[in-house]
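Here the structure comes first, spelled out in structure tokens, and everything after it is commentary.
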There are 2 protein chains.
Amino acid sequence: MTLTGELFIGQGRVAAGEHFRGIEAETGHPLEPPFGAANPEHVSRACVLAEAASRDYATRPLSDRAAFLEAIADNIERLGDELLERAHLETGLPLARLAGERGRTVGQLRLFAAEVRDGGWLGLRVDPAIPDRQPLPRSDLRSRNVPLGPVAVFGASNFPLAFSVAGGDTASALAAGCPVVVKGHPAHPGTSELVAGAIAGAVAASGLPEGVFSLLNAVSNDVGAALVADPRIRAVGFTGSRAGGLALMNIAARRPVPIPVYAEMSAINPVLLMPAMLEEKAEALGAAYVASLTMGAGQFCTNPGLVLGLEGPALDRFVAAATQAVTEASAATMLTPAIHAAYEKGVGQLIGNARVAALARGKDAQGPHQGQAALFSILADDFLTDEHVSQEVFGASSVLVRCADEAALARVVAGLEGQLTATVHFAAADEPLVARLVPLLEEKAGRLIANGWPTGVEVCHAMVHGGPFPATSDGRSTSVGTRAIERFLRPVCYQDFPASLLPDVLKPGAQQGLPHRLDGRLMAE
Amino acid sequence: MTLTGELFIGQGRVAAGEHFRGIEAETGHPLEPPFGAANPEHVSRACVLAEAASRDYATRPLSDRAAFLEAIADNIERLGDELLERAHLETGLPLARLAGERGRTVGQLRLFAAEVRDGGWLGLRVDPAIPDRQPLPRSDLRSRNVPLGPVAVFGASNFPLAFSVAGGDTASALAAGCPVVVKGHPAHPGTSELVAGAIAGAVAASGLPEGVFSLLNAVSNDVGAALVADPRIRAVGFTGSRAGGLALMNIAARRPVPIPVYAEMSAINPVLLMPAMLEEKAEALGAAYVASLTMGAGQFCTNPGLVLGLEGPALDRFVAAATQAVTEASAATMLTPAIHAAYEKGVGQLIGNARVAALARGKDAQGPHQGQAALFSILADDFLTDEHVSQEVFGASSVLVRCADEAALARVVAGLEGQLTATVHFAAADEPLVARLVPLLEEKAGRLIANGWPTGVEVCHAMVHGGPFPATSDGRSTSVGTRAIERFLRPVCYQDFPASLLPDVLKPGAQQGLPHRLDGRLMAE
């Protein structure tokens, strides 16, 4: 397939001006072809098409919507190795990792297809009329969820497949019945074009209105800002930096009609080491920690950027093992020169911080944009008084906080901002201590992990990839797993409607086979 | 019971300075006793207590939480006629209406008690481990909803019982497991004190931590602003004016940690009259419309402030009937002198609008703060070009929009802001026209009503009392009905937790009897 560098505005391919190029991550060299950048008129056209498609797409049979999601997955698989190779060039991520990420991407499209067919997300509720109720009769009341309307999705740099053009936000918005306008990430425009072709092809093959999907490329933030401000957009999905997420929240809140923003922004994902477990497995934990830290050059939202342990010989053994593992860790190409520069800057600030001890750096870089792992430590009291140390450094950098006792550890946890995850390593003898910490951790994070590592997010029904601000803009939601569909829905109630005018799923008898509440009682089928 | 004018800060009764008094609605005379107004220190103390109570309250058995809600209902009933008489004095609402509202208030507390026991709102999801999955095993993943934490609730003037101190927002937040700090409405401080006593008594009798409930009285907006800005508050429930709701949204969005605001703000609740129905029942509809319009002096969020009809003799008959009914409508005491003044101002602006025809006023006032019903009409094209006419006038004022044809009617609907309700009156012959309008109405309102009137909101499972902005701040929610509990929850996932450390409802086997999803499959019991 030949890349053209064009935008996808509905089924139209548009050659825009103001070109930019993808960059080969390993060398920093520009890649062919040049890509056109969207202007405000392109944003507006994509949004007009999305709104025009909205009602039609929302009212197609659920089986059609599910088949459309499956067609996207099939089309992505048909792209074959070309997709992985282009993504590798643009992001520097290894091919094996990208193959796994492709599996996750098509898997989540198919999971949402199954979820669409399941229908539980429709939230069907039927309270039949009670004509003879005293003192007043009760009306017939039925409610269901409807899609919010067109959704703006921002591709993320660190998951060029699973959280980009056809990633989790797009899959869940399409599953909810919302057209999607993607603002592609400029770090992987070729990957974006290939995936956009897969979606646009599925739109056409499924006979859907063209506005169900558009892809706008851009380098300037103005394009994303215009997209979020467009009155036809009704919700936003974003994964990226805290500054970026806050900027979008601000734009959305100031619109004449404010809209919800689901921004997954920043986290340092604390890992707590309990004493009995540390005593038992300090060395193995130290090595496993660094494996999680350095995976994907540390460029995961769930990267373990903070470790808390109680002072003592076992913690020293953990530190020794982790120090050695970091020292032996190869440098790894980062996603973009800018991300690499920001990583080096963040690491440099920690090195220059007098309260922070620099324990280890990974092996020297073998290429221009490779990040070296970095390990630091700090005392709990110093951590509590220096807010800089708790800021995310995106990449394989992590800080160990040495706590004198349980009280100090609890103070550190209590002082943390909202997080995506919190992990505890513990043995049976540690359980009373863990039991005291869990209620605090529940308030801080969306996912609690026992004796594992936060990297690796299962796409399933029970997953929560979310958490209190500033981990996300809205801790009431998840961006991974089937529950993500709920972000793009709102309820509508129908009072005393005749069957002929009710939506199909609310007609008398039509709830058979769909989860629903009848007079409050849940009916599984 | 003797009113003291004190604040409720947990179980402490606090005599504050800066007194204000309730006003007898019918006469405008000040009532005994003087009430103390909260200062910033009181706000802070109430929030500190709420946060201190939060974890304990959240982890009580669901049966205890349900019993607590029922105890509040019982205590409110025990207040007897004194509650109704005080509410009547302070609001001017008839005793019969207040008796009905009390029934709704205790009914919704008991409905939420049943909902707490049902447990569907826990959103339990269990995806068991798959140790032998290739290429990677799956962890055991379980998730549930937890309460957000302390909620600030603003009492509404127009429902001194059902949407005030122990109203829908309080009931749903307490049901979710969140402590509540109420900012009482200054228009009915005595009513608020009586109800607060009922709640505080139930807190004590149930052995709950005192911070589960506080009542702060105030006249100045500063107290509410400080409450929403307090870092310990995690969500806000508000029913009131658009200006008030927007101000709270703004404060919440600018906090270091933004929080959700559920503000129910303004609506004009369009009523669409279809031609065959109008032909058949013009006179009866005209009379029924005015009955809905003038109920409770028009002081309902769901008051029918806008009627749309197609030009013709049948519409003229409707207008004649409505005009006559308005002319015969008695003036009614409004909730406060300020609300009455705002109503007169709004009606005056419509009278002074050259595009608007004043059709009728109700009978003359018999007291100082009585509102007279008012009926206006305007042509569709004029309505579309004058945004003032579509603004809510809180009270028994309504505007009829004369539409030349279906296209004009659809344009008027398309131009409306978000609404709580949309009503259609139609006969069988009108159904094709209604079928074309319903998709548009679904996008505009949270509840669609067939051949009824929007006033009167059933408290049940399928109810949606919400709608797109600016009807509410968040069209994804409802403030009436059991679904309101969802506003105060967030999901937490537990990965590979041993049974000993899982919350009770997620322990293996504990989902029996509770709605849950097992590997995505819904299990009703």
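Label point of B:T2 (7 Å along Cα→beta-carbon): distances to the other copies' equivalent points are 9.4 nm, sorted ascending. Using a cut-off of 13 Å between beta-carbons, work out the net charge of the residues near A:G177 (Lys and Arg +1, Asp and Glu -1, A:G177 not included). Net local charge, A:G177 excluded: +1. Sequentially through the stretch B:349-355, phi angles give Karplus couplings (6.51, -1.76, 1.60; θ = phi - 60°) of 5, 5, 4, x, 8, 5, 7 Hz, Gly and Pro residues having no value and appearing as x. Across chain A, the relative contact order, built from alpha-carbon pairs under 8 Å that are at least six residues apart, equals 17 percent. For B:C460, the residues 5 or more places off, or on other chains, whose built amide H falls under 5 Å of its own are B:G481, B:T482.
Under the criterion of Cα pairs below 8 Å and six or more residues apart, the relative contact order for the stretch B:234-321 equals 31 percent. In the stretch B:379-518, a dipole from Cβ-located charges (positive for Lys and Arg, negative for Asp and Glu) runs towards its positive end, and of B:G395, B:N451, B:A462 it is B:A462 whose Cα lies farthest in that direction. Per-residue Karplus couplings for the stretch A:496-503, computed as 6.51 cos²θ - 1.76 cosθ + 1.60 with θ equal to phi - 60°, are listed in order as 6, 6, x, 3, 4, 9, 6, x Hz, Gly and Pro entered as x. Reducing the stretch B:434-504 and the stretch B:1-23 to their Cα centroids gives an inter-centroid distance of 35 Å.
Over all distinct Cα-Cα pairs of the protein assembly as shown, the Kirkwood formula returns a hydrodynamic radius of 30.2 Å. Per-residue mean of foreign Cβ neighbours for A:117-125 is 2 (Cβ atoms of other chains, 10 Å radius). If only the Cβ of Lys and Arg carry +1 and only the Cβ of Asp and Glu carry -1, the dipole of the stretch B:87-140 around its Cα centre is close to 160 debye.
Between identical copies, the spacing of B:A204 label points, each set 7 Å from Cα toward the C-beta atom, reads 7.5 nm from nearest to farthest. The H on the amide N of B:L306, modeled in the peptide plane, is under 5 Å from the matching H of B:V271, B:V399, each at least 5 residues off or on a different chain.
For the protein assembly as shown, with only Lys/Arg (+1) and Asp/Glu (-1) charged at the beta-carbon, what is the dipole magnitude about the Cα centre, in debye rounded to 20?
Dipole about the Cα centre, nearest 20: 300 debye.
Amide hydrogen proximity for A:G395: with H placed 1.01 Å from N in the peptide plane, the residues at 5 or more positions away or on another chain lying under 5 Å are A:F300. The percentage of C-alpha pairs in chain A whose separation is greater than 47 Å is 16%.
Based on the alpha-carbon gyration tensor of the stretch A:101-249 and its eigenvalue square roots a ≥ b ≥ c, which shape applies: rounded if a/c is under 1.5, prolate if not and a/b is larger than b/c, or oblate? Judged from the Cα gyration tensor, the stretch A:101-249 comes out prolate (a/c at least 1.5, a/b above b/c). Shape of the stretch A:233-278 from its Cα gyration tensor (a ≥ b ≥ c, root eigenvalues): rounded if a/c is under 1.5, otherwise prolate when a/b > b/c, or oblate? Prolate, since a/c reaches 1.5 and a/b exceeds b/c. Among residues other than B:M1 with Cβ under 11 Å from its Cβ, the summed charge is 0 (Lys and Arg +1, Asp and Glu -1).
Determine the sum of side-chain charges near B:F318: Lys and Arg each +1, Asp and Glu each -1, restricted to other residues whose C-beta is under 12 angstrom from that of B:F318. Here the charged neighbours net out to -2.
Taking the charge dipole of chain B about its Cα centre, with +1 at Lys and Arg Cβ atoms and -1 at Asp and Glu Cβ atoms, the residue from B:P313, B:A176, B:G92 reaching farthest to the positive side is B:A176. Contact order, relative form, for the stretch B:107-252: 24 percent (alpha carbon pairs under 8 Å, 6 or more residues apart, mean separation divided by residue count). Neighbouring Cβ atoms from other chains, within 10 Å of the Cβ of residues in A:126-139, number 2 on average. Think of each Lys and Arg Cβ as +1 and each Asp and Glu Cβ as -1; about the Cα centre, that makes the dipole of chain A roughly 1260 debye.
Label zone of B:V257 (point 7 Å out along Cα→Cβ, amide N under 15 Å): in the stretch B:481-517 this covers B:489-491. Neighbour counting of Cβ atoms within 10 Å sorts the residues A:C403, A:C493, fewest neighbours leading, into A:C403, A:C493. In nanometres and ascending order, the distances from the A:A276 label point to those of the other copies are 7.6 (point 7 Å from Cα along Cα→Cβ).
Read-outs: derived from the displayed coordinates by stated rules, not from any lab. Note that the structure is a prediction, hence the values are computed from the model and not measured. Because the Cβ atoms are built from the backbone with ideal geometry, glycine has one as well, and the counts that use them run over all protein chains shown.
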